Amino acid sequence: MTDKTTVLIHHPYQPPEGFAAPQAGVFKASTVIFPNVAALRSRQWTDKSSYTYGLHGTPTTYALEERLATLEGGLHCVLAPSGLAALALVDLALLKSGDEVLLPDNVYGPNKALAEGELVGWGVTHQYYDPVSVDDLAARMSSRTKLVWLEAPGSVTMEFPDLIGQMRLCHRQNVTCALDTTWAAGLAFDAFDLDGKGLAVDVAAHAITKYPSGGGDVLMGSVVTRDPALHRKIQLCHMRLGINIGANDAEAVLRSLPSLALRYGHQDHTARALARWCAAQPQFVQVLHPALPGAPGHAHWQQVCGAADARGQGAAAGIFSVVVDARYPSAQVDAFCDALQFFKLGYSWGGPESLVVPYDLASMRRGWPEHIRHGTVVRLVAGLEAEADLQADLAQALARALPR
Ligand SMILES: *Cc1c(COP(=O)(O)O)cnc(C)c1O
């Protein structure tokens with residue numbers, strides 16, 4: 001008789017096939033068992049037609065990839081262990097020694113650190129272009145330009161660029177363009193059909209950490225493409241680098257995706273109400289929210305996000321920045337952030353808690369952007385708390401730390 005310890009591993013019971021439930025199962029595997037040697041030898045994973053090894057996909061990760069590709073409006077998806085890892089994967093897959101990558105000056109900060117700290121060592125150079133000038137982007141392109149990063153709106157200062165103009169330029173120059181779609185979350189605009197006539201980005205990279213996770217408890221990134229050859233390049237680089245995500249994290253995102261649009265819309269609504277309230281406070285000399293008339297890039301936001309909302313008010317993420325009047329020293333602005341009760345001090349966004357971070361803009365940009373008023377930039381992120389409580393919180397912190 002076979003020993004019980006062996007039977008516990010090689011048990012004859014097989015659960016019946018065809019189990020269906022709203023939530024996809026959590027499949028965890030390094031080893032995947034093949035039925036015979038012929039199957040092992042003919043293994044195929046690149047088209048999701050079978051399984052070979054946990055690193056190359058499980059039913060859980062295949063399911064998440066397919067849903068995220070659909071969310072972005074693309075066809076193919078690979079998953080990375082963070083949003084930043086997704087950005088790095090795009091760079092490593094598409095750039096070789098001697099190439100140059102162009103980044104907007106308001107790009108997500110760690111994307112600059114990646115170019116300055118890592119790509120340089122691989123012989124890949126970079127330049128920062130003015131996010132509000134398509135001409136500046138055009139002027140920086142050369143035969144060495146192999147990748148252009150786009151971000152709409154940019155991080156912290158929230159300028160919405162002329163995305164359509166930037167993308168048309170990249171297509172005209174035959175340069176691959178990759179868009180960081182974290183802010184749009186696949187909802188505010190369609191990265192693969194920006195103008196309603198099929199104008200598509202080449203690569204959409206998304207910090208799934210933010211809205212798709214929605215819980216502030218998962219780190220993940222996705223890279224979505226339409227072109228099979230481009231996907232193949234990224235997929236092979238992903239495979240060779242040994243990049244993978246955990247099954248529990250994939251399951252957490254699969255669980256959050258059905259409520260993505262509800263959360264996004266709610267946080268948009270809250271953030272816009274707070275942004276309008278902030279615009280009426282004399283301590284703030286500027287409110288940086290692309291959906292607010294007068295904000296940098298508002299017309300461009302209107303152009304690509306203006307229709308993407310059932311209420312006809314356009315769609316936007318629940319995130320904005322304020323510029324605190326320069327007459328308040330930065331220590332006083334820090335005290336304002338410390339005085340907030342519901343807005344917690346912390347990075348990232350898209351979770352249930354409202355967040356705040358003060359920024360030293362001068363250290364982040366090549367020069368002070370002329371469309372940003374002078375002062376201290378503070379970024380506010382709407383969570384899922386009641387709008388009135390958040391507004392009252394801002395009011396009490398203003399009264400305490402930044403009296404008129
Ligand atoms: C947060 C963020 C990232 C990186 O995501 P992580 O998962 O935190 O690494 C990339 N791009 C943008 C615009 C982000 O806001």
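Values quoted throughout were computed directly from the atomic coordinates according to the rules given, and no laboratory measurement underlies them. This is a predicted model, so every value here is computed, not measured. All Cβ positions, glycine included, derive from the backbone under ideal geometry; neighbour counts span all protein chains shown.
Which translational diffusion coefficient, to the nearest whole µm²/s, is obtained for the range 175-253 from the Stokes-Einstein equation, given a Kirkwood hydrodynamic radius over C-alpha pairs, 25 °C and 0.890 mPa s? Provide the component values of the computation, followed by the final result.
Numbers: Rh = 13.7 Å.
It comes out at roughly 179 µm²/s.
Out of every Cα-Cα pair in the range 237-304, what percent are more than 20 Å apart?
The answer is 56 percent, as a whole percent.
For the range 269-296 and the range 311-334, compute the distance between their C-alpha centroids and round to whole Å.
If you average the Cα positions of each part, the centres end up 7 Å apart.
For the range 37-254, just say rounded, prolate or oblate: build the C-alpha gyration tensor, square-root its eigenvalues into a ≥ b ≥ c, call rounded for a/c under 1.5, and beyond that prolate if a/b exceeds b/c, oblate if not. All intermediate terms of the calculation are to be shown ahead of the outcome.
Values: a/c = 1.74, a/b = 1.50, b/c = 1.16.
Prolate, because a/c is 1.5 or more and a/b exceeds b/c.
So for each of 118-124, 36-42 I average, over its residues, the number of other beta carbons within 10 Å; can you give me the resulting order with the highest mean first?
Descending packing order for the listed peptides: 118-124, 36-42.
Pairs to check: 48/112; 112/210; 146/197; 48/146; 96/233. Give those whose C-alpha atoms are more than 23 Å from each other in this structure.
Violating the 23 Å limit, Cα to Cα: 48/112; 146/197; 48/146.
Using the alpha carbon gyration tensor of the chain, what are the three equivalent-ellipsoid semi-axes (square root of 5 times each eigenvalue), largest first, in whole Å?
Its equivalent ellipsoid spans semi-axes of 40, 27, 19 Å.
What is the local net charge at residue 181, summed over the other residues whose Cβ is closer than 14 Å to its Cβ (Lys, Arg +1; Asp, Glu -1)?
Numbers: positive: 210, 226; negative: 72, 151, 180, 190, 193, 202.
Local charge sum for residue 181: -4.
Do any trypsin sites (Lys or Arg not before Pro) in the range 156-219 lie in a DSSP loop with no more than 14 other beta carbon atoms within 10 Å, and if so, which?
When the trypsin sites (Lys or Arg not before Pro) of the range 156-219 are filtered for loop state and at most 14 Cβ neighbours within 10 Å, 197 remain.
Using a 10 Å cut-off on Cβ atoms, rank the peptides 83-96, 369-382 from the highest mean neighbour count down.
Working: 83-96: 22.1, 369-382: 19.7.
Ranking the peptides 83-96, 369-382 by packing returns 83-96, 369-382.
Regarding the range 80-181, what are the three Cα extents along the principal axes, ordered largest first, in Å?
Principal extents (Cα only, largest first): 30, 30, 19 Å.
Normalised by the number of residues in the chain, what is the relative contact order in percent for Cα pairs under 8 Å and 6+ residues apart?
Averaging sequence separation for qualifying contacts and normalising by length gives 16 percent for the chain.
For the range 259-401, take the convex hull of the Cα atoms, compute a quarter of its surface area, and give me that in nm², please.
For the Cα atoms of the range 259-401, the hull's average projected area reads 8.6 nm².
List the relative contact order of the range 259-401 as a percent without decimals, with contacts defined as Cα pairs under 8 Å and 6+ residues apart.
Here the relative contact order equals 27 percent.
If you average the alpha carbon positions of the range 119-140 and of the range 16-71, how far apart do those two centres end up, in angstrom?
Centre-to-centre distance over Cα atoms comes out at 39 Å.
Return 151, 100 ranked ascending by Cβ neighbour count within 10 Å, so the fewest neighbours appear first. Show your work: numbers first, answer last.
Values: 151 24, 100 21.
Ordered from fewest to most neighbouring Cβ atoms within 10 Å, 151, 100 come out as 100, 151.
When Lys and Arg each count +1 and Asp and Glu each count -1, what net charge do the other residues less than 12 Å away from residue 277, Cβ to Cβ, add up to?
The answer is 0.
In the chain, which cysteines lack any other cysteine Cβ under 4.7 Å from their own?
Here 77, 237, 278, 305, 337 come out as lacking a disulfide-compatible partner, given the Cβ-Cβ threshold of under 4.7 Å.
What 222 nm value per residue comes from the helices of the chain, counting each DSSP H run with n ≥ 4 as -39,500 (n - 2.57) and dividing by all residues, nearest 500 deg cm²/dmol?
That comes out to -10500 deg cm²/dmol.
State, to one decimal in nm², a quarter of the convex hull surface area for the C-alpha atoms of the range 76-126, i.e. the direction-averaged projected area. Before the final figure, lay out the partial values.
Values: hull surface 14.8 nm².
Answer in nm², one decimal: 3.7.
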